[in-house]
Amino acid sequence: MPLIEISLAESREPERVRSLMSEVHRAVRAALDVPGERIRVIVREVPKTHWTAGDVTLQEREAERMDQGA
């Protein structure tokens, strides 16, 4: 049973996340030739305050970009 886990920063519309899940499901089904009911897809949405890159949270980075553009 394939289990696919995807981590995303929070901010996307539920419809877009659902679309991602469907596309991943189709890709795994085609690539592995397994029955669809055996495929599991989990999307974890992480708050931007809980995700860092280079010791800067995504929220801090976003705020910095907004300040520079103002």
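When the chain is treated as a GNM with alpha-carbon contacts under 10 Å, the residue of L58, L20, L32 showing the greatest mean-square fluctuation is L32. Couplings 3J(HN,Hα) for the stretch 50-58, derived from phi with the Karplus relation 6.51 cos²θ - 1.76 cosθ + 1.60 (θ = phi - 60°), are 10, 9, 10, 9, x, 6, 10, 5, 4 Hz, where x marks Gly and Pro. Note on the chain: with charges restricted to the Cβ of Lys and Arg (+1) and Asp and Glu (-1), its dipole about the Cα centre is near 360 debye. For the chain, the extents of the C-alpha atoms along the principal axes are 50, 23, 17 Å, listed from largest to smallest.
Rolling a 1.4 Å probe across the protein heavy atoms gives the chain an accessible surface of 79 Å² per residue. Of the residues V41, V17, V56, the one that moves most in a GNM of the chain with alpha-carbon contacts below 10 Å is V56.
Computed over protein heavy atoms with a 1.4 Å probe, the carbon and sulfur contribution to the accessible area of the chain reaches 49%.
The values are calculated or read from the model by the stated rules, or taken from the named source; none is laboratory data. Note that the structure is predicted; figures quoted are calculated from it, not measured. Positions of Cβ are backbone-derived with ideal geometry, glycine not excepted, and every protein chain shown enters the neighbour counts. In case anyone asks, the SASA skips ligands and DNA or RNA and just uses the protein heavy atoms, side chains included. Shrake-Rupley method; radii C 1.70, N 1.55, O 1.52, S 1.80 Å.
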